1. Name the residues in segment 103-125 that are surrounded by 15 or more Cβ atoms within 10 Å (Cβ to Cβ) and not in a loop (DSSP other than H, G, I, E, B), would you?
2. If I filter segment 83-102 down to residues being hydrophobic (A, V, I, L, M, F, W, C) and closer than 24 Å to ASP3 by Cα, which single residue comes out as surrounded by the fewest Cβ atoms within 10 Å (Cβ to Cβ)?
3. Select from segment 59-69 the residues that are within 12 Å of the chain's Cα centre (by Cα) and hydrophobic (A, V, I, L, M, F, W, C) and write down the one among them that is surrounded by the most Cβ atoms within 10 Å (Cβ to Cβ).
4. Of the conditions (1) touching a residue at least 12 places away in the same chain (Cβ under 8 Å); (2) over 20 Å from ASP3 (Cα atoms); (3) over 15 Å from the mean Cα position of the chain (by Cα), ASP72 satisfies every one except a single condition; which number is it?
5. For segment 66-97, give me each residue that is of a type outside the set (Asp, Glu) and touching a Lys or Arg at 6+ places or on another chain (Cβ under 6 Å).
6. Which residue pairs have Cβ atoms closer than 9 Å, lie 6 or more positions apart in sequence or on different chains, and pair a first residue in segment 97-111 that is free of Cβ contacts under 8 Å to residues at least 24 places away in the same chain with a second residue that is polar (S, T, N, Q) and outside any helix (DSSP H, G or I)?
7. For segment 92-106, check the following and say yes or no: at least one residue is at pLDDT below 95, acidic (Asp, Glu) and more than 14 Å from the chain's Cα centre (by Cα).
Amino acid sequence: MADVLSEKARALLARPILATLATLAADGSPQVTPLWITTDGDDLIVNSAKGRVKANNIERDPRVGVTVIDPDDPYNVIAVRGTVVEATTEGADAVIDGLAKKYMGLDEYPMRQEGEVRVTYRIRTDHIIMQGG
């Protein structure tokens, strides 16, 4: 069952702050990646490209962890245990462009690689811890 994002958590996630995504490697070890993030309702939305380590890990095991730490107040933190409930290439280029707007002020993601296939992941927030701030 999904947990609900508080208004304080939504405000933190709305800012252009890098999130940290933890996935599980094939051997069970954690793999951590800084990335851009947004929300849709109480779900977290992230984007990657097919073939990357985090994409391969999510495909194998959809359990993830996400942390966002306010750079202005390191005690204002959201930590989420979640499950990737959707992975789609449909609209994924538009999602990464939207994230480029949020994080870089650009209309299009400038680091696209030729042949790259973008994937958007929807993370259900199974357990949320919000502290400080």
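1. Listed by number, the residues that qualify are TYR103, ARG118, VAL119, THR120, TYR121, ARG122, ILE123, ARG124, THR125.
2. VAL85
3. Result: VAL64.
4. (1)
5. Step one: filter segment 66-97 for residues of a type outside the set (Asp, Glu), giving 66-69, 71, 74-85, 87-89, 91-92, 94-96.
Across segment 66-97, the qualifying residues are GLY82, THR83, VAL85, ALA92, ILE96.
6. So the pair list comes out as TYR109/ASN47.
7. The answer is no, given that none of the residues of segment 92-106 is at pLDDT below 95, acidic (Asp, Glu) and more than 14 Å from the chain's Cα centre (by Cα).
The values are calculated or read from the model by the stated rules, or taken from the named source; none is laboratory data. A quick note: this is a predicted structure, and the numbers were derived from the prediction, not measured. Using ideal geometry, Cβ is built from the backbone for each residue, glycine included, and neighbour counts are taken over all protein chains shown.
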